[in-house]
Amino acid sequence: MAAENVSGVQDRPRGLFSRFYASMSPRLDEEGLAELREELLAPLAGAVVEVGAGPGGNFARYPSGVVSVIAVEPEPYLRGLAGAAAGDASVPTTVHAGVAEALPLPDSCADGVVFCLVLCSVPDQIAAATEAARVLRPGGIVRFLEHTRAEMRGLRTVQRVADATVWPLLTGGCHTCTDPVAALREAGFVVDDVRRLRFPADRFTQPSTPHVLGTARLPG
Ligand SMILES: C[S@@+](CC[C@H](N)C(=O)[O-])C[C@H]1O[C@@H](n2cnc3c(N)ncnc32)[C@H](O)[C@@H]1O
């Protein structure tokens, strides 16, 4: 389905980065991101909201139990690519303008929310997690694959320096020394299924190498 524009929603154009990310996405998938995407999406079922969908690299990978995907993407170029990718998705998929901190969606409309390499670019991760909680139905889950701050102090220092200097300029606002699991917990989620991993596993360590992949649930 074509990308839909929702009036009154802020676009976040990232001209150079959006083109760079779209061109490097196939290589990241070859380096192991494709497998991580499959693992990320496998537990989902029902209606899913994907936040910051980029060019739509997850759309063809949703499991058969997913009945619909509503993708939200603030960057106009990537949103256009996502609209094209939605046309090839096996699950009915629509793409909307919008930001994680103010999803253009009603309360309790989703059984699952996906954050895939997006919270690092969201200035207020707790607001994004709170929005995920708002749109989830009781029993729904968040699946996340995100950059995270390093456990080793030396690499964490490198991350902080990178975040304070060139890294966000080169990577569309990404900050590597963040704690998405803490943000989800702060928003009321229980996160008891989380795996730390290196990606890309075989490349030299960079500020963006440490990741977390897991599930967040609302209690009760
Ligand atoms: C590294 S890309 C990842 C794209 C996609 N999720 C993927 O797995 O390939 C980061 C994405 O987050 C989006 N983004 C940045 N700030 C955002 C915000 N405040 N709300 C929602 N998405 C945002 C960017 O436009 C971009 O599409």
Ala82 vs. criteria modelled with pLDDT of 95 or more, touching an Asp or Glu at 6+ places or on another chain (Cβ under 7 Å) and either of a type in the set (Gly, Ala, Ser) or open to solvent by 60 Å² or more (accessible area, probe 1.4 Å) (or both): yes
Options Ala53, Ala71; residue that is within 13 Å of the chain's Cα centre (by Cα), among the aliphatic types (A, V, I, L, M), at pLDDT 95 or above and part of a loop (DSSP other than H, G, I, E, B): Ala53
Qualifying residue in region 24-46 (condition: within 28 Å of Ala183 (Cα to Cα), within 9 Å of the ligand (Cβ to nearest atom) and part of a loop (DSSP other than H, G, I, E, B)): no
Residue within region 170-189 that is open to solvent by less than 50 Å² (accessible area, probe 1.4 Å) and either part of a strand (DSSP E or B) or touching a Gly at 6+ places or on another chain (Cβ under 6 Å) (or both) present: no
Any hit, region 48-61, residues being within 11 Å of the ligand (Cβ to nearest atom), open to solvent by 10 Å² or more (accessible area, probe 1.4 Å) and more than 21 Å from Glu146 (Cβ to Cβ): no
Qualifying residues in region 14-23 (those that are open to solvent by 30 Å² or more (accessible area, probe 1.4 Å) and near the ligand (Cβ under 9 Å from one of its atoms)) - the one nearest to Pro55 (Cα to Cα): Tyr21
Pair list, Cβ under 7 Å, 6 or more apart: region 207-220 residue assigned to a strand (DSSP E or B), other residue of a type in the set (S, T, N, Q): Pro210/Thr148; His211/Thr148; Val212/Thr148
Checking Arg196 against (1) open to solvent by 50 Å² or more (accessible area, probe 1.4 Å); (2) under 22 Å from Ser18 (Cα atoms), the condition it does not meet: (2)
Qualifying residue in region 154-161 (condition: more than 16 Å from the ligand (Cβ to nearest atom), in contact with a Ser or Thr (Cβ under 6 Å, 6 or more places away or on another chain), open to solvent by 30 Å² or more (accessible area, probe 1.4 Å) and of a type in the set (D, E, K, R)): no
Scan of region 128-155 for residues that are in a helix (DSSP H, G or I) and in contact with a strand residue (DSSP E or B) (Cβ under 8 Å, 6 or more places away or on another chain), ordered by number: Ala128, Ala129, Glu131, Ala132, Val135, Leu155
Residue tally, condition farther than 17 Å from Ala53 by Cβ and within 10 Å of the ligand (Cβ to nearest atom), over region 108-130: 4
Residue selected from region 90-104 under the condition in contact with a strand residue (DSSP E or B) (Cβ under 8 Å, 6 or more places away or on another chain), open to solvent by 20 Å² or more (accessible area, probe 1.4 Å) and away from the ligand (no atom under 12 Å from the Cβ), by the criterion nearest to Gly15 (Cα to Cα): Thr94
Qualifying residue in region 31-45 (condition: among the small types (Gly, Ala, Ser) and open to solvent by 50 Å² or more (accessible area, probe 1.4 Å)): yes
Meets criteria (open to solvent by 70 Å² or more (accessible area, probe 1.4 Å) and among the basic types (Lys, Arg)) for Arg27: yes
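The values are calculated or read from the model by the stated rules, or taken from the named source; none is laboratory data. Since we're looking at a predicted model, the values are computed, not measured. In this analysis, Cβ positions are derived from the backbone assuming ideal geometry, glycine residues included, and neighbour counts consider all displayed protein chains. Note: areas computed on protein heavy atoms with side chains; ligands, DNA, RNA excluded. Shrake-Rupley method; radii C 1.70, N 1.55, O 1.52, S 1.80 Å.
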